[in-house]
Each structure stands twice: as structure tokens, then as C-alpha cells.
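The values are calculated or read from the model by the stated rules, or taken from the named source; none is laboratory data. Just so we're clear, the structure is a prediction, and the values are computed from it rather than from any experiment. Note that we place each Cβ from the backbone using ideal geometry, even for glycine, and neighbour counts take in every protein chain shown.
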Amino acid sequence: MSHREPVGGDEPTIGKLVVDASRDISSLVQYEIALAKSELKVSVKAGGMSIALFAAAGFLGLLAVIMVSVSIAYFIAMTGLDLAYCFLIVFGLYLFVAAILAFIGIRKVKRVKAPQRAIAQAQQTRAILKRG
């Protein structure tokens, strides 16, 4: 057998307890890393499939917008307006919507502030660590 018998009877020595605890902790960490790797593999596969499905949905959504745009232009053409002008009206409508969204986005970005509490906490921690 590779392990020694305790010196004073059935009680293990402190050294043996430390070695056993160290080995057990090392094994536990290795098993937790293996579990995390296996869970991560499953998550990555699911994430990859999700990204592919979102890309397909986005592409089909783009095609739908194109078809609706053409339909709107032809609907406007039913009023007797030349078809080229109808497409220009739809184009202008999209530019107008894009300008409104950009304006709202700019206003929202201007409201974004730096994380003041997190910065203060990091500076406080750095000061404490410098003091030693």
C-alpha cells in the first residue's frame, strides 16, 4: 500500500490530512472544469444554431420589406402617377423614417453616462491596494 499507517493509532496525521485535502480539492477543480467544458460545448452549439436562425429570419425580413416596398409603389401607381415617381416616394418615405430613427438614437446616446459608481469603486479599490 502506498499510504502509511498513522503513528499514534487510528488518527491520521495533520500532514496526511493536508495532502488528502489538497488532492481532493485538485480533483474537485478538475471535475468542475470538465463540467464547465461540457456545458459550454452544448451552449456553443445552441448559440450557433440560434445565430443561423436569426440570420435566416433577418434575410427573410429583408426580402419582405423589399416586397412590401414594391407593393406600396405599385399601389401608389394606381392613382395614375408614373411608376418611377412612386418608387421615389417609397424611397423618400424610408429616408424620412431612417432620419427619425437616427435622431431618436442620437438623443438616447447623449443621455448615456459613464458608470460613476463603478468608476468610483475601482478608484477606491486601487487606492486601497496602493496603500498596501
Residue in region 114-125 that is out of contact with any Leu (no Cβ under 8 Å at 6 or more places or on another chain) and not in a helix (DSSP H, G or I) present: yes
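Take residue 51 and tell me if it is modelled with pLDDT of 90 or more, closer than 30 Å to residue 93 by Cα and outside the structural domain of residue 89 (by TED's automatic domain parsing). Steps first, answer last, please.
Working: modelled with pLDDT of 90 or more: yes; closer than 30 Å to residue 93 by Cα: no; outside the structural domain of residue 89 (by TED's automatic domain parsing): yes.
Against the criterion (modelled with pLDDT of 90 or more, closer than 30 Å to residue 93 by Cα and outside the structural domain of residue 89 (by TED's automatic domain parsing)), residue 51 does not qualify.
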Candidate set: region 75-132, residues that are under 19 Å from residue 65 (Cβ atoms) and aromatic (Phe, Trp, Tyr); chosen: the one surrounded by the most Cβ atoms within 10 Å (Cβ to Cβ): 87
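Within region 4-22, identify whether any single residue is of a type in the set (Asp, Glu), under 37 Å from the mean Cα position of the chain (by Cα) and part of a helix (DSSP H, G or I), and answer yes or no.
Just the residues of region 4-22 that are of a type in the set (Asp, Glu), to begin with: 5, 10-11, 20.
Of the ones still in play, those that are also under 37 Å from the mean Cα position of the chain (by Cα) are none.
Within region 4-22 (the criterion being of a type in the set (Asp, Glu), under 37 Å from the mean Cα position of the chain (by Cα) and part of a helix (DSSP H, G or I)), the answer is no, since none of the residues qualifies.
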